[in-house]
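What follows draws every value from the coordinates through simple rules; no lab data is involved. What you are looking at is a predicted structure, and each value in this text was computed from that prediction instead of being measured. For neighbour counting, all protein chains shown are included, and Cβ atoms are generated from backbone atoms with ideal geometry for every residue, glycine included.
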Amino acid sequence: MNELENQLEYIEKCRHLVEQISKEKKRPLTACITTFGCQMNARDSEKLTGILKRSGYLITEDENADFVLYNTCTVRDNANMRVYGRLGVLNGYKKRNPDMKIALCGCMMQEQTVVDKIRQSYRFVDLIFGTHNIFRFAELLYRTLIEGKTVIELWQDTDQIVEDLPVERRYAFKSGINIMFGCNNFCSYCIVPYVRGRERSREPDEILKEIRKLASDGVKEIMLLGQNVNSYGKTLSYPISFAELLRRVHEIDGIERIRFMTSHPKDLSDELIEVIKTSPKICKHLHLPLQSGSTRILQAMNRRYTKEGYLALAQKIREEIPDIAITTDIIVGFPGESAEDVDDTIDVIRQVGFDNAFTFIYSKRTGTPAAAMEDQVPEDIVKESFDRVLKVVQETAKNRASLLQGRQEPVLVEEVNEHDPSLMTGRMSNNMLVHFPGDPSLIGSIVTVSLDVCHGFYYFGKRVEQ
Ligand code: SAH
Ligand code: SF4
Ligand code: F3S
């Protein structure tokens, strides 16, 4: 029996158990998954939800449920703190519902110190597993339901990719697709390679098959996911480039928009720029993390490009594809960062004119090379630099956004506006949001909207007939 069949059998076993328990309780059993972290985790949660749903659970957003799973992130310390804080709340629920099961998975669980702490101080947790054995969730769920003691299964790494397990998509009209797992870059501040393991790519045929299936289910927009999509395919027995994968994805009927995340500047090829430029379905948005604008800091970060190299790349992209939005990630307060280094970062922000940027305060991750570096920057200085960087980021983002004033743009309608139910929220090709009067029947369709009033990061507009 292969691994897929094995897990499908466990789903069946879980279904019988869940059915039996809900008969006893005379109500359906509920399950809630809370996701922390990146798009990769969000996609994993869709797979975990698929398994819970097939096992007979009613999926809810309410954490006061019969089965609660936290899919955790550990990229910065505040992500960890949030999990510990919320676990206390879960314990309160469990006291009122002793049959409740609490499970933890994801990147945080790949750290031994975290698991030790949970075993010691959070003994009410029923199941712990990690990122490498996530495909075994059905089996672990079954064991948790029958064993009555904490189940812990953690793997150090894996080369297995199990295809075709059930998934439950959050949106009907768009979906993420993993094209690769893990990371080999070892940027000196980053914990991801340690908790997600070595880089491995999915077979292109498996990816294309999954996307064709999504297209036949009505999905219009897909996001190809990987920590460094530009190095896709290098580990395959028949290597292909990321650009070539995009060309093949582009041919799939029904898919109208293609996005991808994340591009490492050091691996961004001319071939990729050419494919983005010449493929109408590929969205005009590139997330190109800068991290720092100082060559000295970039070197200490092990990013393997220089300030000048990044600037030249960004300029080439803007020349070739003038409409493209370039967004980025920036870390402030890396060990040894001086005011001049921050000036360099600000200089790059101004020269490139980012359409948006996520600015993070450096967080020391135990076990990474940067954690052992001398010259950790004091908090007050980091705060000052952070504010300086943020101010310029907001300036350039606003300038870039205002350039679109008065244009008419196709948008994929995603949801009812959070604050005003008479408005719908749509996403443009360049990833910017626009809010406009409309009704929920538009969700999932692509309509044209005029960009009337700019509010910095987003627009208000009106639907225009085409
Ligand atoms: N693979 C992607 C990013 C993954 S993590 C890439 O290489 O671009 C997402 C972002 O978190 C990173 O781009 C970085 O800006 C930030 N980050 C990672 N480790 C961090 C740390 N220790 N402290 C602060 N920010 C960090
Ligand atoms: Fe982390 Fe660098 Fe890998 Fe991105 S490329 S996940 S920042 S090690
Ligand atoms: Fe966080 Fe893991 Fe993603 S550490 S950012 S959830 S890969």
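Helix content alone sets the calculated 222 nm mean residue ellipticity of the chain: runs of n ≥ 4 DSSP H residues at -39500 (n - 2.57) each, divided across all residues, give -12000 deg cm²/dmol.
Peptide packing for 228-241, 12-25, 341-354 was compared via the average number of neighbouring C-beta atoms within 10 Å per residue; ordered from the highest value, the list is 341-354, 228-241, 12-25.
Histogrammed with a bin width of 10 Å, the alpha carbon distances of segment 76-225 distribute as 9, 31, 33, 22, 4 percent, first bin at zero. Given in Å, the Rg to one decimal and the Dmax to the nearest whole number for the Cα atoms of segment 79-166 are 13.5, 41.
The packing ranking, built from the mean of other Cβ atoms within 10 Å per residue, places the peptides 180-189, 112-121 in the order 180-189, 112-121, highest first. Shown for MET424, MET100: other C-beta atoms within 10 Å of each C-beta, ranked fewest to most, produce the order MET100, MET424. The phi torsions of segment 411-427, fed into the Karplus equation with coefficients 6.51, -1.76 and 1.60 and a -60° offset, translate into couplings of 10, 8, 6, 9, 6, 6, 4, 4, 9, 9, x, 7, 10, 10, 10, x, 10 Hz, rounded to whole numbers, with Gly and Pro shown as x.
Segment HIS16..GLU147, full-extension length gain: 45.6 nm, with 0.36 nm per residue of separation and the alpha-carbon distance subtracted. In whole angstrom, segment 173-312 maps to an equivalent ellipsoid with semi-axes of 28, 17, 13, each derived as √(5λ) from the alpha carbon gyration tensor and ordered largest first.
Round to the nearest 0.05 the FRET efficiency obtained for GLN156 and GLU308 when R0 = 41 Å and r is the Cβ-Cβ distance. After rounding to 0.05, the efficiency reads 0.55. Considering every alpha-carbon pair of segment 10-151, the percent of pairs per 10 Å bin, from zero through the bin containing the longest distance, is 12, 46, 35, 7, 0. With the convex hull constructed from alpha-carbon coordinates only, the chain shows a mean projected area of 23.2 nm² over all directions.
Averaged over residues, the count of other Cβ atoms within 10 Å places the peptides 168-175, 428-435 in the sequence 428-435, 168-175, highest first. Legend: Rg and Dmax of segment 63-115, from Cα coordinates, 11.5, 33 Å.
Charge dipole (Cα centre; +1 on Lys/Arg Cβ, -1 on Asp/Glu Cβ; no other charges) of the chain amounts to roughly 920 debye. If the segment from MET373 to GLU320 were pulled out straight at 0.36 nm per residue, it would be longer than the present Cα-Cα gap by 15.1 nm. Measuring between their Cα centroids, segment 334-391 and segment 154-168 lie 35 Å from each other. Think of it this way: in the chain, CYS14, CYS32, CYS38, CYS73, CYS105, CYS107, CYS183, CYS283, CYS454 stand alone, with no other Cys Cβ under 4.7 Å. Which log10 I(q)/I(0) values, to two decimals, does segment 279-420 give at q = 0.18, 0.22 Å⁻¹ under the Debye formula with one point per Cα? Calculated log10 I(q)/I(0) at the listed q: -1.04, -1.36. The antiparallel fraction among DSSP beta bridges confined to segment 66-202 stands at about 15%.
Just so you know, the Cα atoms of segment 217-263 work out to an Rg and Dmax of 11.4, 32 Å.
Just so you know, the Rg over Rh for segment 150-249 is 0.99, from Cα atoms, with Rh as the Kirkwood radius. Model label sites at ASP99 and TYR84, defined 7 Å from Cα along the beta-carbon direction, differ in position by 3.3 nm.
For segment 339-455, the orientation-averaged shadow of the C-alpha convex hull comes to 10.1 nm² (one quarter of the hull surface). When the charge dipole of segment 261-312 is built from unit charges on Cβ atoms (+1 for Lys and Arg, -1 for Asp and Glu) and taken about the Cα centre, the candidate among THR295, TYR310, CYS283 whose Cα reaches farthest toward its positive end is THR295.
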